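S.K.: Got a structure here, written out as structure tokens. Questions coming.
The values are calculated or read from the model by the stated rules, or taken from the named source; none is laboratory data. Bear in mind that the values here come from a model prediction, so they are computed numbers and not experimental data. Here the Cβ is made from the backbone with ideal geometry for all residues, glycine too, and neighbour counts use every protein chain on show.
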Amino acid sequence: MAHSPPPKLWYLPNHRDALQAHTHFLHKLGNAKTEANFHAYYQTLIKEGTANRTASNADLTSSYVPFKTKCIIMKYRTGTIYNQKHAVLFKLSTSQTCPLCPHFDSALHILSGCQHTQIRNMITKRHNIACRMIFKAISKTGSLGSSCIVSMDIGSNEQTTMRNLQIAETA
């Protein structure tokens, strides 16, 4: 049985730039832009002291967040979620518009802005589920609980009742 040759070792004079260039050359993965808007905004918040590093990165250390979700979060933060812009860059498409609707495709468009009917319904459902979770947490706070809620948009009354969410009459 023949053994495959050992992998070729590469000398990297500087670990950041040389590794990034080498990785991108081989796999087209190494050019995440740290000057992307989201990254730049977050760095500004950190410098100003308004960002809570522990809370804003809790999703990455939480055992409740699936690994695939953590990967999507990091891709969004670094501007590397695959979209039509990347498809054009890699010569896999000629159009930067969303394949489902006539708008420009981007990470934000993919995660929350596509106006295609099915996508919009998925976003609304995800919003309602998140709001119900928040409502349950507020309800458990004791005397203030749900009586302090002035307004909320968490879907239909039957969905709220089905999940045993009791809205105070004063709300």
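S.K.: Being polar (S, T, N, Q), over 15 Å from the mean Cα position of the chain (by Cα) and loosely packed, with under 14 Cβ neighbours inside 10 Å is the filter here; which residues of segment 63-92 pass it? Walk me through how you get there before you give the answer.
M.R.: Let us first name the residues in segment 63-92 that are polar (S, T, N, Q), namely 63, 69, 78, 80, 83-84.
When the remaining residues are screened for being over 15 Å from the mean Cα position of the chain (by Cα), the result is 63, 84.
Answer for segment 63-92, where residues must be polar (S, T, N, Q), over 15 Å from the mean Cα position of the chain (by Cα) and loosely packed, with under 14 Cβ neighbours inside 10 Å: just Ser63.
S.K.: Another question about this same structure. Quick check: anything in segment 116-133 part of a helix (DSSP H, G or I), in contact with a Leu (Cβ under 8 Å, 6 or more places away or on another chain) and touching a residue at least 24 places away in the same chain (Cβ under 8 Å)?
M.R.: Looking through segment 116-133, at least one residue is part of a helix (DSSP H, G or I), in contact with a Leu (Cβ under 8 Å, 6 or more places away or on another chain) and touching a residue at least 24 places away in the same chain (Cβ under 8 Å).
S.K.: Let me ask another. Report whether or not Thr124 is surrounded by 13 or more Cβ atoms within 10 Å (Cβ to Cβ), on the phi < 0 side of the Ramachandran plot and among the hydroxyl-bearing types (Ser, Thr, Tyr). Working first, answer last.
M.R.: Values: surrounded by 13 or more Cβ atoms within 10 Å (Cβ to Cβ): no; on the phi < 0 side of the Ramachandran plot: yes; among the hydroxyl-bearing types (Ser, Thr, Tyr): yes.
Here the answer is no, as Thr124 does not meet what is asked.
S.K.: Can I ask one more? Taking the condition of being of a type in the set (D, E, K, R) and in contact (Cβ under 8 Å) with a residue 12 or more places away in the chain, how many residues in segment 80-95 meet it?
M.R.: First pass over segment 80-95, keeping only residues of a type in the set (D, E, K, R): 85, 91.
Checking which are in contact (Cβ under 8 Å) with a residue 12 or more places away in the chain leaves us with 85.
Summing the residues that are of a type in the set (D, E, K, R) and in contact (Cβ under 8 Å) with a residue 12 or more places away in the chain in segment 80-95 gives 1.
S.K.: Check whether at least one residue in segment 71-83 is part of a loop (DSSP other than H, G, I, E, B), under 24 Å from Tyr41 (Cα atoms), modelled with pLDDT of 80 or more and aliphatic (A, V, I, L, M), and report yes or no.
M.R.: Scanning segment 71-83, I find at least one residue that is part of a loop (DSSP other than H, G, I, E, B), under 24 Å from Tyr41 (Cα atoms), modelled with pLDDT of 80 or more and aliphatic (A, V, I, L, M), so the answer is yes.
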